[in-house]
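Just below is one structure, and these are the notes that go with it.
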Amino acid sequence: MAEYVRNLWYMAGWEAEVADGGWLARRLLDRPWLIYRTSDGDYAMIADRCPHRFAPLSRGRRDGDTIVCGYHGLGFDATGACKHSPFGKTLPDSVRVATLPVVARYGALWFWPGDTAQADPAHIPDFAFMADTSEHVPGHMMMNANYELIADNLMDLSHVEFLHVESFGVSGELFTGKHSVKQDADGAIWNKWDMTNIRPQQWIVDQVGEGVNVDSELHMRWHAPAAMALRIGNVRAGDSSKTPVVPPMLNPHILTPETQTATHYFFTHGHGDFAAELARRVFEEEDHPMLEAVQASMGDTDFWEARPLILESDAGAIRARRRLMQLRKAEAA
Amino acid sequence: MAEYVRNLWYMAGWEAEVADGGWLARRLLDRPWLIYRTSDGDYAMIADRCPHRFAPLSRGRRDGDTIVCGYHGLGFDATGACKHSPFGKTLPDSVRVATLPVVARYGALWFWPGDTAQADPAHIPDFAFMADTSEHVPGHMMMNANYELIADNLMDLSHVEFLHVESFGVSGELFTGKHSVKQDADGAIWNKWDMTNIRPQQWIVDQVGEGVNVDSELHMRWHAPAAMALRIGNVRAGDSSKTPVVPPMLNPHILTPETQTATHYFFTHGHGDFAAELARRVFEEEDHPMLEAVQASMGDTDFWEARPLILESDAGAIRARRRLMQLRKAEAA
Amino acid sequence: MAEYVRNLWYMAGWEAEVADGGWLARRLLDRPWLIYRTSDGDYAMIADRCPHRFAPLSRGRRDGDTIVCGYHGLGFDATGACKHSPFGKTLPDSVRVATLPVVARYGALWFWPGDTAQADPAHIPDFAFMADTSEHVPGHMMMNANYELIADNLMDLSHVEFLHVESFGVSGELFTGKHSVKQDADGAIWNKWDMTNIRPQQWIVDQVGEGVNVDSELHMRWHAPAAMALRIGNVRAGDSSKTPVVPPMLNPHILTPETQTATHYFFTHGHGDFAAELARRVFEEEDHPMLEAVQASMGDTDFWEARPLILESDAGAIRARRRLMQLRKAEAA
């Protein structure tokens with residue numbers, strides 16, 4: 001399996017997942033971590049493994065900003081330092097647990113598993129839109145599939161016409177339009193589908209009525225390692241003023257490896273039962289089993305060793321895979 | 001584990017397992033396959049794995065004789081050719097999935113995983129008897145054991161006196177007779193037990209009454225890799241006319257590896273609840289747990305490396321193992 | 001993982017676990033064994049695997065002192081010799097299953113997996129106290145953790161102040177006293193905690209009333225590989241006559257590897273619901289999940305390769321680990 005790229009911001013979870021006075025314990029990039037909010041309001045991220053007998057610290061308790069191991073009572077603070085030895089002895093400064101930089105932004109927590117000196121929050125990709133909790137209910141799902149296989153799914157939306165044909169009520173015209181892939185100077189990749197004068201998706205028909213054709217755009221923006229934002233826009237066909245016929249939708253699809261074959265999938269959906277049910281159906285019933293079947297089908301085989309057929313619709317997915325390969329190569333050097 | 005012998009017909013399943021307008025998806029010899037009946041009435045067997053993103057084609061749908069992938073819509077026909085690319089582009093002829101020769105015979109489907117040029121249906125072993133659906137209800141069971149361990153079981157029927165003593169009501173005289181093992185010119189092995197003047201098995205006593213002794217035969221015929229037919233015959237002791245006291249029974253016991261440690265076991269039983277229940281008891285309650293316990297006991301150890309004690313009653317089983325070793329050696333050369 | 005030390009007595013189980021006329025089947029040191037009581041009253045321990053087709057003999061039946069395989073009827077006696085071949089032929093003397101010396105003592109069964117010539121029952125560690133069934137109800141639990149990790153737990157009782165703080169109602173003063181570790185000439189290790197003038201544990205307060213301080217001792221005795229006896233004594237603070245304020249408690253904690261990452265934990269508790277419930281709570285709810293979490297956290301990593309932080313309270317645990325290393329080294333030489 002391919003190495004993780006380390007000098008990047010990864011999403012660890014939602015702020016809402018960190019219990020008040022508690023923590024979020026989560027395996028990320030093959031290691032167990034514990035994230036908590038300290039009394040100064042900042043977040044801390046420390047290894048969830050005591051250096052004494054390797055007990056998960058998340059089996060212990062908080063004592064202020066110190067996490068006390070539930071096995072023999074060693075306590076570690078937000079800097080990873082051992083601040084509490086149960087039997088009165090002071091332990092050497094070298095006794096500590098690993099920490100990682102972690103930053104809260106847009107309602108999400110971002111961590112940097114690489115060289116700490118390079119951990120500039122300015123490089124966290126822009127997901128400002130998802131901070132609007134009136135529009136976004138955060139979601140989290142585990143998929144037993146490699147994160148790049150899931151990114152392939154998201155970077156080739158043509159699968160919507162097959163895998164999601166019933167849930168989304170798509171018309172078959174979705175991918176008749178123009179497909180373009182562009183890479184920004186900062187490495188972000190835009191994977192755009194623009195359709196002209198098509199019958200809209202069923203959920204739009206439900207709102208604007210039958211017989212109205214639209215110009216439609218599906219724009220996916222990708223940031224390494226696998227943080228994506230999808231914008232869906234629709235205007236009346238030929239409307240040069242570009243007035244939306246339904247409010248444009250903007251949603252995050254952010255992937256973080258738990259391991260090489262299991263992935264945290266962070267998403268949002270709108271408020272209300274309908275939106276929650278649609279998200280559940282699309283993610284849990286359609287994408288989830290297909291992606292796990294793909295992973296099972298591949299087993300331990302490396303993606304390129306399996307000699308996949310590359311289609312034109314893969315252009316965005318392959319561009320993203322190449323970008324990760326470049327970053328991997330740069331870090332190995 | 002030993003290589004599979006490839007230039008042989010293996011049973012893939014029963015024709016009755018292929019749903020009308022659908023398919024049978026099954027893992028055979030470590031790979032996933034999809035078998036379906038085309039509009040011309042023939043069967044097709046294609047790899048159950050799309051070459052694009054490795055989705056199982058069995059998660060898709062049929063469009064006539066084309067199997068359309070449920071992920072991105074590529075369609076493959078019975079020859080393995082890609083006949084449908086969703087975005088209008090013609091794909092090169094090299095885009096295809098693997099196929100195997102598959103033939104329907106005797107109500108079963110037989111496939112040839114080796115050199116296609118040698119796949120002559122004349123070499124399918126003779127199981128004509130099981131085509132008679134008035135006598136045979138087809139059955140299929142998975143066992144988590146290597147197929148040669150299960151063949152050992154069938155080629156050494158002495159186990160009936162211990163493992164099946166209650167279900168079959170055997171008398172202890174079953175193996176007092178003559179045991180012979182012979183190999184035909186074509187490699188078929190006959191493993192014959194002939195008993196003279198014995199108390200019959202309980203199910204025969206139930207039909208002919210107490211006090212009648214029989215001359216009894218248990219003849220197992222084996223074909224590589226592990227297709228067996230068992231004939232049970234009983235005549236009144238000393239009856240030189242060989243008139244059966246109960247109708248002779250002829251049953252298939254055909255094994256196909258799913259993997260090295262999991263096997264498809266194809267069998268038949270008679271109509272009616274009694275026959276179904278007896279089969280269930282013998283296979284599911286007696287053979288099944290024993291064979292899985294044997295496999296668990298051996299773990300990954302090769303059979304010969306485990307230095308098994310060889311008994312005289314093993315003669316047929318060992319002959320079959322040797323025949324497979326010869327075939328393996330010939331294919332490796 | 002570290003090799004097992006072989007020239008030692010290990011506990012296989014409790015005599016009470018061997019059913020009358022039956023046996024105890026148990027995996028010990030990576031292999032399956034069958035222990036039964038023969039007609040002369042002695043115990044026998046034979047490999048639970050027939051040499052013919054590797055069926056577990058425990059799937060068979062007893063015929064007097066012979067265990068008859070349930071698959072093809074071979075019978076083995078307490079010496080491992082094949083005494084019964086179902087088809088009348090005498091098998092060579094070399095046909096046998098492995099046996100190990102096994103001895104009943106103190107209500108427990110002890111086996112010697114090493115050089116039989118050295119298997120002197122005089123070396124079985126002294127657990128005479130646990131033979132008193134008026135005081136001791138035997139218990140057995142599986143833990144998915146390496147036995148040395150569990151011994152670490154028992155040899156560093158400071159964990160009681162954290163992991164068992166609620167069940168035992170400890171006061172925080174338990175480990176204020178003197179801690180000493182000593183090794184006997186025969187290799188036994190004494191790990192002693194002696195506390196002076198402390199508030200007693202809650203269960204003692206319940207018996208002697210509030211306001212009585214005690215001198216308290218927690219003495220753990222360890223024998224290789226991992227047989228431990230814990231003595232808890234309490235006298236009124238300063239009482240030079242050492243008259244117990246509550247009866248001293250003496251309990252076994254004896255560990256035998258099933259595999260490198262699964263352990264049989266043998267213990268006793270007192271009669272009555274309260275004692276059973278306390279044992280269940282301490283073992284099942286507190287130690288059990290913590291130790292399995294530690295094992296999961298370590299994965300396949302060797303203990304020393306994981307570079308554990310060593311605390312002063314570890315002195316006994318580390319002494320025991322060193323003793324095993326010496327024994328291992330001596331056996332490898």
Residues of region C:57-84 buried by at least 50 Å² on assembly (accessible area, 1.4 Å probe, chain alone as reference): C:59, C:71, C:72
Per-residue Cβ counts within 10 Å, from other chains only, averaged over B:296-308: what number is that? 2
State, to one decimal in nm and shortest first, how far the label point of residue B:176 sits from each corresponding label point in the other identical copies (label point: 7 angstrom along Cα-to-Cβ). 8.5, 8.5
In nm, one decimal, shortest first: how far is the label point of residue B:277 (7 Å from Cα along Cα to beta carbon) from the matching points in the other copies? 4.6, 4.6
List the relative contact order of region A:10-123 as a percent without decimals, with contacts defined as Cα pairs under 8 Å and 6+ residues apart. 23
Tell me the distances, shortest first, between residue B:63 and the same position across the other copies, using label points 7 Å along Cα→Cβ, in nm to one decimal. 6.7, 6.7
About the Cα centre, and with charges only on the beta carbon of Lys, Arg (+1) and Asp, Glu (-1), how big is the dipole of chain B? Nearest 20 debye, please. 1080
Sparse-neighbour loop sites [trypsin sites (Lys or Arg not before Pro); region B:52-154; at most 15 other C-beta within 10 Å; DSSP]: B:89
Please report the base-10 log of the normalised intensity I(q)/I(0) for region C:88-179, using a Debye sum with one equal scatterer per alpha carbon and no solvent, at each q in 0.13 (1/Å). -0.79
Which of these, A:147, A:36, A:106, has the largest mean-square fluctuation under a Gaussian network model of chain A (Cα springs below 10 Å)? A:106
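Taking a cut-off of 25 Å, what percent of all Cα-Cα pairs in region B:134-332 are separated by more than that?
On the way: 7436 of 19701 pairs.
The share of Cα pairs beyond 25 Å in region B:134-332 comes to 38 percent.
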Along the charge dipole of region C:180-333, which of C:260, C:275, C:291 sits closest to the positive end, that is, farthest toward it, with unit charges on the beta carbon of Lys, Arg, Asp and Glu (+1, +1, -1, -1)? C:260
Please report, largest first and rounded to whole Å, the three semi-axes of the ellipsoid equivalent to region A:16-128, where each semi-axis is the square root of five times an eigenvalue of the C-alpha gyration tensor. 25, 15, 12
Accessible surface, region A:133-332, averaged per residue in Å² (probe 1.4 Å): 43
Rounded to the nearest 100 Å², what is the buried accessible area between B and A, both sides summed, probe 1.4 Å? 2000
Which net charge results when you count Lys and Arg as +1 and Asp and Glu as -1 among the other residues whose beta-carbon is under 9 Å from that of residue B:250? 0
Between C and B, which C residue has the Cβ nearest their rotation axis, distance in Å? C:300, 10
At a Cα cut-off below 13 Å, give the aspartates and glutamates reachable from residue C:83, other chains included and same-chain residues fewer than 8 away excluded. C:63, C:65, C:93
On the accessible surface of the protein assembly as shown, probed at 1.4 Å with all protein chains in place, carbon and sulfur together account for a percent value of 49
Charge dipole (debye, nearest 20) of the protein assembly as shown; +1 at Cβ of Lys and Arg, -1 at Cβ of Asp and Glu: 1920
With the 8 Å Cα cutoff and a minimum separation of six or more residues, region C:137-332 has a relative contact order in percent of 27
Average partner coverage of A:310-316, which counts Cβ from other chains inside 10 Å: 4
Quote the relative contact order of region B:240-333 in percent (integer), defining contacts as alpha-carbon pairs under 8 Å separated by 6+ residues. 12
In short, region B:151-169 residues buried by 50 Å² or more of accessible area relative to the isolated chain (1.4 Å probe) are B:162
Computed over the Cα atoms of the protein assembly as shown, the Rg and Dmax in Å are 35.2, 103
Taking H placed 1.01 Å from N in the peptide plane, check which residues at least 5 places from residue A:187 or on another chain put their amide H under 5 Å from its amide H. none
Reachable lysines from residue B:242, Cα under 24 Å, same-chain residues fewer than 8 places away excluded? B:178, B:182, B:192
What is the local net charge at residue B:216, summed over the other residues whose Cβ is closer than 10 Å to its Cβ (Lys, Arg +1; Asp, Glu -1)? -3
Please give the charge dipole size of region A:172-274, origin at the Cα centre, charges +1 on K and R Cβ atoms and -1 on D and E Cβ atoms. Round to the nearest 20 debye. 240
Return one whole number: the accessible area per residue of region A:10-123 in Å², for a 1.4 Å probe. 42
Centre separation in Å (Cα based) which lies between region B:104-162 and region C:203-244: 70
Positive-pole candidate from C:25, C:103, C:123, dipole of region C:10-123, charges at beta carbon: C:25
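When you look at the Cβ of every residue in A:91-98, what mean number of other chain Cβ atoms sits within 10 Å?
Across A:91-98, the average partner-chain Cβ count within 10 Å equals 1.
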Quick one: among B:166, B:284, B:210, which has the greatest mean-square fluctuation in a GNM of chain B with alpha-carbon springs under 10 angstrom? B:210
Out of C:40, C:30, C:77, a Gaussian network model of chain C with alpha-carbon springs under 10 Å gives the largest mean-square fluctuation to C:40
Rh_Kirkwood(region B:82-241) over Cα pairs, Å, one decimal, evaluates to 19.5
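Please state, as a whole number in µm²/s, the translational diffusion coefficient that the Stokes-Einstein equation yields for chain C at 20 °C and 1.002 mPa s, with Rh defined as the Kirkwood radius across alpha carbon pairs.
Numbers: Rh = 21.7 Å.
Result for D is 99 µm²/s.
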Rg/Rh of region B:216-333 (Cα atoms, Kirkwood Rh), to two decimals, equals 1.02
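What is the sum of charges, Lys and Arg at +1 and Asp and Glu at -1, for the other residues whose Cβ falls under 11 Å from the Cβ of residue C:66? Can you show the working numbers first?
Details: positive: C:61, C:62, C:83; negative: C:63, C:65, C:77.
Charge balance near residue C:66 sits at 0.
The values are calculated or read from the model by the stated rules, or taken from the named source; none is laboratory data. What you see is a predicted model, and the numbers here were worked out from it, not measured in a lab. With ideal geometry, Cβ positions are generated from the backbone for all residues, glycine too; neighbour counts draw on all protein chains shown. With ligands, DNA and RNA removed, areas are computed over all heavy atoms of the protein, side chains included. Shrake-Rupley method; radii C 1.70, N 1.55, O 1.52, S 1.80 Å.
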